[in-house]
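Scroll down for the structure; my scribbles are underneath it.
What follows is calculated from the coordinates using simple rules that are stated; it is not laboratory data. These figures come from a predicted structure and were not determined experimentally. Because the Cβ atoms are built from the backbone with ideal geometry, glycine has one as well, and the counts that use them run over all protein chains shown.
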Amino acid sequence: MRISVIGCGYLGAVHAAAMADLGHTVVGVDVDEVKIAALSQARAPFFEPGLPEVLASAMASGRLRFTTDFAAVADADVHFVAVGTPQSSDGDAADLRFVDAAFESLLEQVSPGDVIVGKSTVPVGTASRLAGLVAQRVPGATLVWNPEFLREGFAVQDTVSPDRLVYGVPAGEAGVRAARILDEVYASAVGAGTPVIVTDYATAELVKVAANAFLATKISFINAMAEIAEVTGADVTRLADAIGHDARIGRRFLNAGVGFGGGCLPKDIRAFSARARELGRGESVRFLDEVDQINLRRRQRVVDLVREESGHLDGVKVAVLGLAFKPHSDDIRDSPALDIALRLADNGAIVTATDPEANPNTRKRAPHLTLVDTAADAVIDADIVILITEWPEFTALNPHEVGDLVSHKIIIDGRNALDPETWQTAGWRYRGLGR
Ligand code: UGA
């Protein structure tokens, strides 16, 4: 099929490359010239495992190209909109500026019979509004809302083999036809038996935010248990193992620690609350405000632990291991690690931080933070070491070797990712979160 992908960020670039690799002819469009220049040379503009390989093979096949010129999408029959919906600068709601701009430009190129596929995470009601715009501007074109559930770090795998496909379609023949076309786009996943849920716009939009709200709630639930464990001497990790054996609960997404960050979960729950308030149903999701608060408290808890261990923050040398919001990513959007590093530095601690992939992004965002290349460099003469992003190279650190480099053997394990006994046996004072 001939496909265009509007927006070549974490979602769109992967989607474009994966669709071309699956055999479709794809053009990726973005307004960011630097991003398009990199992608045009088959270089990924961000760190995502597997993406460079898929980009290279798709570019070599001749089926994938990238451009800043919107006119290029006119040749395509299916148009994916994958632009960002960040948090507004003045509140909790999603900023739809990029979505609206993408539709404006796109509708100038779309032909009757084309299918426009929204992938961006939007407040419920947006698809129906945009469908009105499509009907007015290009009668005969159809809008589908097809939310994306990929995880950064596994984006390629999640795009090629999603665990479900959701199509929000209009009623009637146009919706049936659009769903058939999407089945063709996703033929390999559909053929492999991936469940396909065909539904209306509002349900499709809500599936996406409900999924992220549920995941965020699960994490904050276990972090709330960590707060209770901290005052009772219980171990939240053992608690999670024990309740996780109940198949109705499940062990995944029950890792207590510094909580969730990234470009999705935090802003999606806030946007969901804001939208619910607009709809007069604020009370239905008021618990999400608490989910957010619990999450943010865990960041402060790490700062408080440093103060507890040192008596003060001023002049304390802290090594921060990890800056990305999670391992296998260079994404520092709403990253707990970066937030904690900055809170410590703002309060007088002497912070030396490192991340295998996120140093360049951090340098741009927080040029005043001292960054080094490796954990071994970061821990030299440290009074306290904090593990915040559980990269394998950090969790595999040898406590004896690290012990030889630091001033004081105190480690705060912000992800409960280390074995306390191993570190304690090597002479370290170990502080986990909720254990
Ligand atoms: C999340 C969802 O998992 C995806 O399904 C969704 O498509 C995506 O948002 C999106 O909306 O685009 P992602 O942001 O890549 O994906 O990251 P997650 O793997 O969900 O992790 C989010 C945060 O939760 C990370 O900071 C992670 O460290 C934290 N986390 C995760 C915990 O604190 N504890 C856990 O047990 C699991």
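Remarks
- Residue order for 408, 15, fewest other beta carbons within 10 angstrom first, comes to 408, 15.
- Footprinting exposure proxy for 421, 108, 48 (fewest neighbouring C-beta atoms within 10 Å first): 421, 108, 48
- Treating each Cα of the chain as an identical point scatterer and summing with the Debye formula, the log10 of I(q)/I(0) at q = 0.07, 0.08, 0.14 Å⁻¹ comes to -0.38, -0.49, -1.27.
- Between 356, 195, 123, the Gaussian network model of the chain with springs among Cα atoms under 10 angstrom shows the greatest mean-square fluctuation at 195.
- Net dipole in debye of the chain [+1 Lys, Arg Cβ; -1 Asp, Glu Cβ; about Cα centre; nearest 20]: 700 debye
- Phi-derived couplings, Karplus 6.51 cos²θ - 1.76 cosθ + 1.60 at θ = phi - 60°, listed residue by residue for region 115-122: 10, 9, 10, x, 10, 4, 7, 10 Hz, with x used for Gly and Pro.
- 3J(HN,Hα) along region 314-323, derived from phi through the Karplus expression 6.51 cos²θ - 1.76 cosθ + 1.60 where θ = phi - 60°, amounts to 4, x, 6, 8, 10, 9, 9, 9, x, 10 Hz, with x in place of Gly and Pro.
- One quarter of the convex hull surface built on the alpha carbon atoms of region 280-360 amounts to 6.9 nm², the projected area averaged over directions.
- Contour excess over end-to-end distance, with Cα ends at residue 163 and residue 100 and 0.36 nm allotted per residue: 19.8 nm
- Pairs of C-alpha atoms in region 2-199 farther apart than 21 Å represent 48 percent of all such pairs.
- Under the criterion of Cα pairs below 8 Å and six or more residues apart, the relative contact order for region 2-199 equals 19 percent.
- Relative to its residue count, region 257-432 spans a Cα convex hull of 112 Å³ per residue.
- Taking amide H as placed 1.01 Å from N in the peptide plane, residue 80 has its amide H under 5 Å from the amide H of 4, 5, 6, 117, each at least 5 places away in sequence or on another chain.
- DSSP beta bridges in the chain [antiparallel fraction, %, rounded to 5]: 5 percent
- Inter-part distance where region 92-124 and region 179-228 are each reduced to a Cα centre, Å: 20 Å
- Over the chain, Cα pairs under 8 Å with separation of 6+ residues give a relative contact order of 12 percent.
- In the chain, a dipole from Cβ-located charges (positive for Lys and Arg, negative for Asp and Glu) runs towards its positive end, and of 25, 7, 206 it is 206 whose Cα lies farthest in that direction.
- Where only C-alpha atoms are counted, convex hull volume of region 77-127 per residue in Å³: 73 Å³
- Fewest neighbouring Cβ atoms within 10 Å first, the residues 47, 66 line up as 47, 66.
- Around the amide H of residue 198, modelled in the peptide plane, lie the amide H atoms of 167, all under 5 Å away and 5 or more residues distant in sequence or on another chain.
- Over region 257-432, relative contact order from alpha-carbon pairs under 8 Å, at least 6 apart, %: 21 percent
- For region 420-435, 3J(HN,Hα) computed residue by residue from phi via the Karplus equation (6.51, -1.76, 1.60; θ = phi - 60°) reads x, 4, 4, 6, 5, 4, 7, x, 8, 8, 10, 10, x, 10, x, 9 Hz, glycine and proline entered as x.
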